[in-house]
Amino acid sequence: MSSAESSSRTADKSPRQQVDRLLVGLRWRRLEEPLGFIKVLQWLFAIFAFGSCGSYSGETGAMVHCNNEAKDVSAILVLFGYPFRLHRVQYEMPLCDDDSTSKTMHLMGDFSAPAEFFVTLGIFSFFYTMAALVLYLRFHNLYTENKRFPLVDFCVTVSFTFFWLVAAAAWGKGLTDVKGATRPSSLTAAMSVCHGEDAVCSAGATPSMGLANMSVILRRHLRREEKR
């Protein structure tokens, strides 16, 4: 075996050995302590909070029945989702005139600011909590001997608690507005064809907001855990 091959194998093993040493050095039993256990809860809640909001997609719709016998019932299906820039979401409104077929419409509202702020804060909280867990499990001596680490951890946690409070209020109001703008009754109210005598409109697909509601519930639990 040549020296070049042995050196390459040694170089390949060195990253693995470093990872093994890092995993072996972790003190998993510290997760049973209050600080470690709360950090794990914060980490999980942050994942579910920004994941449930950032991955949300829904649909709403309506039915338009023209009194003109030459035209059939038209079903409107509108897809929307994060970051909830509803004013950019297009759909085709059927027209009951003989000369025209449809007109391009848009949903109402732009609720991207509270949604993106909520998701961004969740991502930052996820990375910070993960880094704090590594420090607490692997370098616990530094955490206990150096008084700056607990103080910095406390200040950052308080800051996250404040920002979660702001994000909670902003996204809670934004989600309420999204529900109001995407319900089928709002869709039919915005279509001019539904206000005349040429057509009869009815509700179609109702958006399921369960995943978005979960993000609001999870951020409340996350805020409570950080206050502890």
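Scanning the range 169-198 for residues that are surrounded by 19 or more Cβ atoms within 10 Å (Cβ to Cβ) and farther than 18 Å from Val73 by Cβ yields Trp171, Gly174, Leu175, Val178, Ala181, Thr182. If I filter the range 76-114 down to residues being assigned to a strand (DSSP E or B) and among the β-branched types (Val, Ile, Thr), which single residue comes out as farthest from Ala203 (Cα to Cα)? Among them, the one singled out is Thr104.
Can you name every residue in the range 46-75 that is charged (D, E, K, R) and in a helix (DSSP H, G or I)? Result: no residue meets the conditions.
Taking only the range 88-131 into account, find how many residues are of a type outside the set (D, E, K, R) and more than 27 Å from Phe163 (Cβ to Cβ). Even if it seems obvious, please write down each step before you answer.
The first filter runs over the range 88-131 and keeps only residues of a type outside the set (D, E, K, R), leaving 89-91, 93-96, 100-102, 104-109, 111-115, 117-131.
Still in the running and more than 27 Å from Phe163 (Cβ to Cβ): 89-91, 93-96, 100-102, 104-108.
Selection size over the range 88-131: 15.
Of everything in the range 159-168, what is in contact with a Ser or Thr (Cβ under 7 Å, 6 or more places away or on another chain) and loosely packed, with under 15 Cβ neighbours inside 10 Å? Give them in sequence order. Answer for the range 159-168, where residues must be in contact with a Ser or Thr (Cβ under 7 Å, 6 or more places away or on another chain) and loosely packed, with under 15 Cβ neighbours inside 10 Å: there is none.
For the range 93-115, the set of residues classified as surrounded by fewer than 17 Cβ atoms within 10 Å (Cβ to Cβ) and either among the aromatic types (Phe, Trp, Tyr) or within 28 Å of the chain's Cα centre (by Cα) (or both) consists of His106, Met108, Asp110, Ser112, Ala113, listed by residue number.
Once the range 45-73 is narrowed to residues that are out of contact with any Lys or Arg (no Cβ under 8 Å at 6 or more places or on another chain) and within 13 Å of Leu187 (Cβ to Cβ), the residue that is surrounded by the fewest Cβ atoms within 10 Å (Cβ to Cβ) is Glu59.
When the range 80-96 is examined, which residues are found to be closer than 30 Å to Asn68 by Cα and either free of Cβ contacts under 8 Å to residues at least 24 places away in the same chain or in contact with a Leu (Cβ under 9 Å, 6 or more places away or on another chain) (or both)? It would help to see each step written out before you state the result.
Start the filter on the range 80-96 by keeping residues that are closer than 30 Å to Asn68 by Cα, which leaves 89-96.
Residues satisfying the conditions are Val89, Gln90, Tyr91, Glu92.
Close Cβ contacts (under 8 Å, 6 or more residues apart or on different chains) running from residues in the range 124-137 that are touching a residue at least 12 places away in the same chain (Cβ under 8 Å) to residues that are among the acidic types (Asp, Glu) comprise Ala132/Asp153.
Among helices (runs of 4 or more DSSP H) entirely within the range 122-228, having at least 1 residues that are touching a Cys at 6+ places or on another chain (Cβ under 8 Å), closer than 15 Å to Phe45 by Cβ and modelled with pLDDT of 85 or more singles out 148-182.
For first residues located in the range 27-56 and farther than 22 Å from Ser112 by Cα and free of Cβ contacts under 8 Å to residues at least 60 places away in the same chain, partners that are assigned to a helix (DSSP H, G or I) and of a type outside the set (Ser, Thr, Tyr) and lie 6+ apart or on another chain with Cβ distances below 7 Å form the pairs Phe37/Leu31.
Would you mind finding the one in Thr129, Thr144 that is farther than 30 Å from His65 by Cα and touching a Lys or Arg at 6+ places or on another chain (Cβ under 9 Å)?
Thr129
The values are calculated or read from the model by the stated rules, or taken from the named source; none is laboratory data. The model shown is predicted, which means the values in this text are computed figures rather than measured ones. All Cβ positions, even for glycine, are placed from backbone atoms using ideal geometry, and neighbour counts span all protein chains on display.
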